[in-house]
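Below is one structure, written out as structure tokens, with a few remarks after it.
The values are calculated or read from the model by the stated rules, or taken from the named source; none is laboratory data. The model shown is predicted, which means the values in this text are computed figures rather than measured ones. Cβ sites come from the backbone with ideal geometry, for glycine too, and all protein chains shown count toward neighbours.
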Amino acid sequence: MVESKRIDQPTGTETVGHEWDGIEELDTPLPRWWLITFYASIVWALGYVILFPAWPMLSGATQGYLGWTSRGQLAAEMKADADRRAPILRSIAQTPIDQIPQNERLLRAAIEGGNAAFKVHCVQCHGSGGSGTPGYANLNDDDWLWGGDLATIQQTILDGVRQPDHTNTRFSQMPAFEGILSPPEIDDLVAYVRFISRQQKGNAKSVQGAALFSTNCSSCHGGNGQGLREFGAPNLTDKIWLYGGDAETIRTTIRKARFGVMPSWRDRLDPVTIKMLALYIHSKGGGEASPSADNADPKKARLVNGKP
Amino acid sequence: MASLEDLTGENQSLYAKRRQVFPKAVDGTFRRLKWGIMGIALAIYYITPWIRWDRGQYAPDQAVLVDLANRRFYMFQIEIWPHEFYYVAGLLIMAGIGLFLVTSAVGRAWCGYACPQTVWTDLFQHVERFIDGDRNAQTRLANAKWGRGKITKRLAKWSVWLFISFWTGGAWIMYFADAPTLTHDFWIGSAAFVAYATVGVLTATTFILGGFMREQVCVYMCPWPRIQTAMLDEKSLLVTYKDWRGEPRTHGRKRASEGALTGDCIDCEQCVAVCPTGIDIREGPQIGCITCALCIDACDKIMSQIGKPRGLIDYCTLDDAKIERSGGIGKPVLKTLLRPRTIIYFIVWASIGLAMLFAVSERTRFDLAVQHDRNPLFVQLSDGSVRNNFTINIRNMEARPRVFEIAIEGLPKAQIWDENGEHQTATQTIAVATQADSVTKVRVFVAAPGIGPARSSFSMIMRAQSNTQVADTEDLVFERPGGGQ
């Protein structure tokens with residue numbers, strides 16, 4: 001093709017020198033701003049390649065003069081966040097759990113921290129709202145097997161319930177009455193338990209059940225079936241049932257007994273997290289006041305005494 | 001601007017180089033009006049943030065304050081919370097309709113007198129005249145070679161411009177924080193970065209837009225002249241060169257004395273010389289005309305010197321221009337202002353204002369918002385009753401701490417208590433203490449007998465203890481087991 005560059009008259013611009021069937025193309029120079037931006041990008045890229053990881057090598061990549069890595073950035077951000085939270089976590093660690101509710105700021109932080117930890121460690125059994133499932137306690141209500149004040153909840157979390165090979169764990173064992181009592185006797189007991197929990201009217205069977213109850217059950221569940229926290233024995237007169245209050249479930253419970261296990265968290269979580277968990281669970285609406293003398297609030301003290 | 005030759009001639013070009021404008025000083029009625037409006041506008045702008053307004057110990061004492069950090073807007077006795085932003089929207093709508101009203105009544109008066117671009121450009125031009133001299137001296141200086149004199153004058157002018165620009169940006173940030181504190185912090189270097197950045201940006205924009213870009217902002221950048229062009233009608237006041245009186249133009253009185261047909265325009269070009277946007281009004285209405293009326297002042301002066309009546313260039317509507325051209329007498333200016341269009345705009349504008357004033361005076365300064373906890377929806381209690389948990393947010397929008405009473409209604413034998421209370425002693429009401437001008441979040445528990453429908457409607461009613469006349473009611477649902485959770 002013949003090179004015939006010329007200046008195009010109307011535009012004053014040089015042509016590229018090619019011609020197809022009389023059609024020519026203008027060789028319009030790049031706009032100055034575009035060219036400057038382009039060169040600036042090259043300079044920027046050079047700087048970037050020197051300062052930051054850029055070239056892939058056989059194992060890894062060039063490090064870059066600044067030594068920046070995304071993992072390093074994450075670690076730094078996590079550390080900054082940990083440093084930010086450190087003072088309040090230290091305060092929570094140093095304050096006795098009974099006194100934290102008196103400090104609004106500590107309490108809010110602890111409840112939030114407990115909420116976060118609960119969603120990681122506890123929801124698997126207790127549910128995301130802590131409302132439990134059959135066999136796993138509802139933490140929202142006002143019925144506590146082992147006690148619902150702050151220190152007791154903390155203790156339960158620390159050492160667990162019936163955690164095997166753990167000396168301080170909360171422990172009790174209900175006997176399986178299948179074999180000890182005959183099926184009609186068990187039926188009588190079921191009738192009695194359903195009578196004292198006001199689920200059915202008294203009848204001849206429940207009267208017989210009362211005698212059986214006082215011989216076999218009252219040592220743990222109390223003479224009136226009101227339960228005993230020392231053994232984690234549930235109150236049988238209220239509306240709350242861990243496994244179920246219908247006749248069939250009660251019968252199964254008496255025949256086979258129950259042996260619910262909650263792990264000890266002492267070795268799995270740090271003390272501050274456990275403290276925050278206790279405060280969170282206590283705040284869910286069913287928490288009880290601490291029985292200790294240094295609790296100045298008379299209303300709360302009364303609440304403890306008012307508990308059956 | 002591009003002439004016809006530029007587009008069609010040998011050296012056709014789509015680009016028109018700016019012809020720098022050196023407006024001449026002028027005195028007259030409209031120049032004085034412009035002075036007055038400029039003074040008022042600048043005074044409002046610079047002084048407003050320094051006005052104090054006592055709101056008690058719990059709220060700032062700055063009369064006009066946009067407290068972005070705490071999400072409050074104070075304007076004298078009115079305090080606006082973020083959820084009341086519709087008042088600001090209302091103000092913006094009023095500003096929009098106000099511009100419609102002004103445009104349909106007096107044309108581009110906003111552009112000519114009150115627009116910040118006009119006011120600051122005007123201010124900068126006065127500085128320019130003070131340092132460089134009037135139009136001719138300015139032109140000479142612009143064409144002069146760079147020497148000691150020119151550099152000195154340029155540096156002096158730019159320094160004064162920068163000084164004004166800096167104070168323009170500096171005044172702006174005072175609206176967003178306590179002015180005396182911010183001034184102190186600003187100078188000792190401890191103000192927020194955004195304060196310095198804002199001052200920097202506004203200093204730069206004021207310096208560039210007021211000092212160098214000037215009329216190009218109005219002609220090329222601003223959308224408003226385009227919108228106004230659509231808003232103007234044949235009854236809007238425009239700065240009009242009365243060509244039926246001025247044409248044909250003569251250069252001086254000589255030709256007139258020779259008996260030729262002459263108009264009043266002696267082609268002295270004073271109207272062009274004083275124009276801050278550098279247009280020739282005799283070419284007719286155009287987008288470059290901001291209707292500042294300085295050409296009217298200039299022309300009136302010449303007319304009085306040559307013994308002709310004033311008003312060869314004057315405010316005039318297109319309708320009146322038609323009448324006058326055919327020999328009639330146009331309506332007086334005030335009469336053109338009152339017509340259905342302006343009256344309707346005014347009624348709309350005033351109704352929005354009155355409605356907002358009414359709404360502001362009638363609004364309650366507290367608010368209750370209740371959220372039902374959803375996980376779990378309800379809790380079975382050991383005594384057979386059922387508890388529902390709620391998270392309530394109380395807005396105390398007055399600048400004093402207040403105690404609110406929240407009562408439950410419509411739920412028989414129900415009890416309500418908060419985290420400090422207990423079920424056994426709970427009643428139908430709780431009291432919540434709130435801080436001044438703040439939102440208080442409280443978790444509350446409501447218990448009711450377990451026997452009942454799966455969902456029963458009830459309400460929480462909140463009243464301030466200090467004034468039980470006004471209440472805020474929140475309609476809620478109490479959930480019981482068996483509701484198909």
Checklist outcome for this item: When restricted to A:Ile111, A:Ile92, A:Ile88, the only residue assigned to a helix (DSSP H, G or I), touching a helix residue (DSSP H, G or I) at 6+ places or on another chain (Cβ under 7 Å) and within 14 Å of chain B (Cβ to nearest Cβ) is A:Ile111
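Which of the following residues is part of a strand (DSSP E or B), among the hydrophobic types (A, V, I, L, M, F, W, C), within 14 Å of chain A (Cβ to nearest Cβ) and out of contact with any helix residue (DSSP H, G or I) (no Cβ under 8 Å at 6 or more places or on another chain): B:Ile408, B:Ile451, B:Ile416, B:Ile461?
Criteria check complete, one pass: B:Ile416.
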Next on the checklist: Please determine whether any residue of the stretch A:244-255 is among the hydrophobic types (A, V, I, L, M, F, W, C) and touching a Phe, Trp or Tyr at 6+ places or on another chain (Cβ under 8 Å).
Outcome noted: yes
Checklist entry - Does A:Asp159 fit the bill of being within 24 Å of A:Ile97 (Cβ to Cβ), touching a residue at least 12 places away in the same chain (Cβ under 8 Å) and surrounded by 18 or more Cβ atoms within 10 Å (Cβ to Cβ)? => result yes
Item to check | In the stretch B:142-173, the residues that are over 25 Å from B:Trp35 (Cβ atoms) and not small (Gly, Ala, Ser) | outcome: B:Asn143, B:Lys145, B:Trp146, B:Arg148, B:Lys150, B:Ile151, B:Thr152, B:Arg154, B:Leu155, B:Ile173
Checklist entry - Just wondering, is there one or more residues in the stretch B:387-400 that are in contact with a strand residue (DSSP E or B) (Cβ under 8 Å, 6 or more places away or on another chain), crowded, with 20+ Cβ neighbours inside 10 Å, farther than 30 Å from B:Trp81 by Cβ and within 14 Å of chain A (Cβ to nearest Cβ)? => result yes
Item to check | Filter result for B:Ser456 (small (Gly, Ala, Ser), more than 12 Å from every other protein chain (Cβ to nearest Cβ), out of contact with any helix residue (DSSP H, G or I) (no Cβ under 6 Å at 6 or more places or on another chain) and more than 30 Å from A:Leu107 (Cα to Cα)) | outcome: yes
Checklist entry - When you scan the stretch A:118-129, how many residues do you find that are modelled with pLDDT of 95 or more, surrounded by fewer than 19 Cβ atoms within 10 Å (Cβ to Cβ) and either within 12 Å of chain B (Cβ to nearest Cβ) or under 13 Å from A:Asp270 (Cα atoms) (or both)? => result 3
Checklist outcome for this item: If we take the stretch B:317-369, then helices (runs of 4 or more DSSP H) inside it with 2 or more residues that are closer than 30 Å to B:Thr468 by Cα are B:340-362
Checklist entry - What about A:Ile250, is it buried (at least 21 other Cβ atoms within 10 Å of the Cβ), modelled with pLDDT of 95 or more and within 14 Å of another protein chain (Cβ to nearest Cβ)? => result no
Checklist entry - So which residues in the stretch B:17-55 are surrounded by fewer than 17 Cβ atoms within 10 Å (Cβ to Cβ), assigned to a loop (DSSP other than H, G, I, E, B) and small (Gly, Ala, Ser), if there are any at all? => result B:Ala25
Checklist entry - Looking at B:Ile78, is it more than 30 Å from B:Arg341 (Cβ to Cβ) and either of a type in the set (Ser, Thr, Tyr) or surrounded by 14 or more Cβ atoms within 10 Å (Cβ to Cβ) (or both)? => result yes
Checklist outcome for this item: Every listed condition ((1) of a type in the set (Phe, Trp, Tyr); (2) under 22 Å from the mean Cα position of the chain (by Cα); (3) more than 12 Å from A:Ala278 (Cβ to Cβ)) holds for A:Phe118 save (3)
Checklist entry - Residues in the stretch B:203-222: is at least one part of a loop (DSSP other than H, G, I, E, B), of a type in the set (S, T, N, Q) and surrounded by 15 or more Cβ atoms within 10 Å (Cβ to Cβ)? => result no
Checklist entry - Looking only at residues in the stretch B:362-386 that are more than 21 Å from A:Ile111 (Cβ to Cβ) and more than 14 Å from chain A (Cβ to nearest Cβ), which one is farthest from the chain's Cα centre (by Cα)? => result B:Leu368
Item to check | Residue, farthest from A:Ile111 (Cα to Cα), within the stretch B:435-445, restricted to residues that are in contact with a Lys or Arg (Cβ under 7 Å, 6 or more places away or on another chain) and either assigned to a loop (DSSP other than H, G, I, E, B) or within 14 Å of another protein chain (Cβ to nearest Cβ) (or both) | outcome: B:Ala436
